[in-house]
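To start, the structure under review is shown below, and the notes come after it.
The values are calculated or read from the model by the stated rules, or taken from the named source; none is laboratory data. This structure is a prediction, so every number in the text was calculated from the model and none was measured. Note: ideal-geometry Cβ built from the backbone for every residue, glycine included; neighbour counts use all protein chains shown.
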Amino acid sequence: MTEIPEQLKTARFVLVRPSKKNAFQSGWDKYANYAYDDSDLKCHLERGGNYGVLSWNGICQFDIDNNDVFKSTGIKLPLSLIIKRGDHGHYYFTCSDCPKEARNKYVLTFGDVRLGGNFYVVGPNCIHPSGGKYEILHNEPIVDLPYEQILDIIDKYEICKEDTNLGGVDKSKYPPMGDWSDILGLNCMNILPPSGKNVITTSTEVKGDHPIHGSTNGYNFHINPYSNTWFCHRHNTGGNAVMLYAMKKGILQCEECKPGCLRGKGEQILLELKKDGYDITKIGVFGKIVDSVVNTREMLKAMGVL
């Protein structure tokens, strides 16, 4: 079971799948988040899930993406709850005298500082997609830092949008991480749930007939809601929610849904997602380009040019 340090008892948490970084429940930044002792959070952690710590309730974090650059700044911070993963780290603190209007995220040369807002970091004792663990380096009480000290760091090391050649990680555009399923909130059970009269739900899966090509003997199609994955026994294929969405839209056939099947299908999938009301700009540069092309085409049609 993934354990949450007691120092974070006052924090709010979001659910993250095992070995992932993205919160998978829509509305996590509004209502789909949990208190320290919430039974749903406990069940999720008992099943090996990761979690995220929101920068709410006064909880603040330095998200250090480049420890060498951070050390080169000479910034001295007192011991607190400090997490390490490779060259990265999370430094937890509070800032009780921080003005309300300053409760936001500020991108710095070595990472960022989160004084509030709808942001989170992956929590202590979680597993990174690479397999590394977010280990507790210093298990001290969370320290309260004066806003004046934080403001001095922001003034010296904040990245402006035009800065592109700094020694740290430029996260001013902050592209999303993970696959499209997590980024857009695609859910297998909402896309193509198992069909048939006798759908069975167990503690780990939902199974029934394949919703497109059906079943001869029954129960040939399984969805694991926890991992947000699916599997077809007829074709021995399966994958994530993006593959299932592509199959629903006819971009892929069930028998094609194997590793590498999405290669070259991205634009088609994004076009369908946009039609269905998804914000494809969240995908990053590729999504923004497709979105811009579609918007331009629709504008030209409205003008009678196309």
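Evaluate the following for K21: is it within 20 Å of the chain's Cα centre (by Cα), charged (D, E, K, R) and outside any strand (DSSP E or B)? Reasoning before the result, please.
Values: within 20 Å of the chain's Cα centre (by Cα): yes; charged (D, E, K, R): yes; outside any strand (DSSP E or B): yes.
Yes: the conditions hold for K21.
Quick check on the range 50-92: of everything there that is aromatic (F, W, Y) and closer than 28 Å to Y226 by Cα, which residue is surrounded by the fewest Cβ atoms within 10 Å (Cβ to Cβ)? Quick ask: steps written out before the conclusion?
First pass over the range 50-92, keeping only residues aromatic (F, W, Y): 51, 56, 62, 70, 91-92.
Among the residues that remain, those that are also closer than 28 Å to Y226 by Cα are: 51, 56.
Numbers: Y51: 24, W56: 19.
Per the stated criteria, the residue is W56.
Could you pull out the residue among L252, L273 that is outside any helix (DSSP H, G or I) and surrounded by 14 or more Cβ atoms within 10 Å (Cβ to Cβ)?
On the way: L273 fails: outside any helix (DSSP H, G or I).
Selected residue: L252, the only one of L252, L273 that is outside any helix (DSSP H, G or I) and surrounded by 14 or more Cβ atoms within 10 Å (Cβ to Cβ).
Filtering the range 276-293 down to residues that are modelled with pLDDT of 90 or more and surrounded by fewer than 14 Cβ atoms within 10 Å (Cβ to Cβ), which residue is farthest from P211 (Cα to Cα)? Show your work before the answer.
To start, the set of residues in the range 276-293 that are modelled with pLDDT of 90 or more comprises 276-279.
After this cut, where a residue has to be surrounded by fewer than 14 Cβ atoms within 10 Å (Cβ to Cβ) as well, the list is 276-277, 279.
Working: D276: 19, G277: 23, D279: 26 Å.
Only one residue fits best here, namely D279.
For the range 228-248, how many residues meet the condition of being part of a loop (DSSP other than H, G, I, E, B) and either free of Cβ contacts under 8 Å to residues at least 12 places away in the same chain or crowded, with 16+ Cβ neighbours inside 10 Å (or both)? Quick ask: steps written out before the conclusion?
If we filter the range 228-248 for residues that are part of a loop (DSSP other than H, G, I, E, B), which is where we start, we get 228, 233-236, 240.
Still in the running and either free of Cβ contacts under 8 Å to residues at least 12 places away in the same chain or crowded, with 16+ Cβ neighbours inside 10 Å (or both): 228, 235-236, 240.
Total meeting the criteria: 4.
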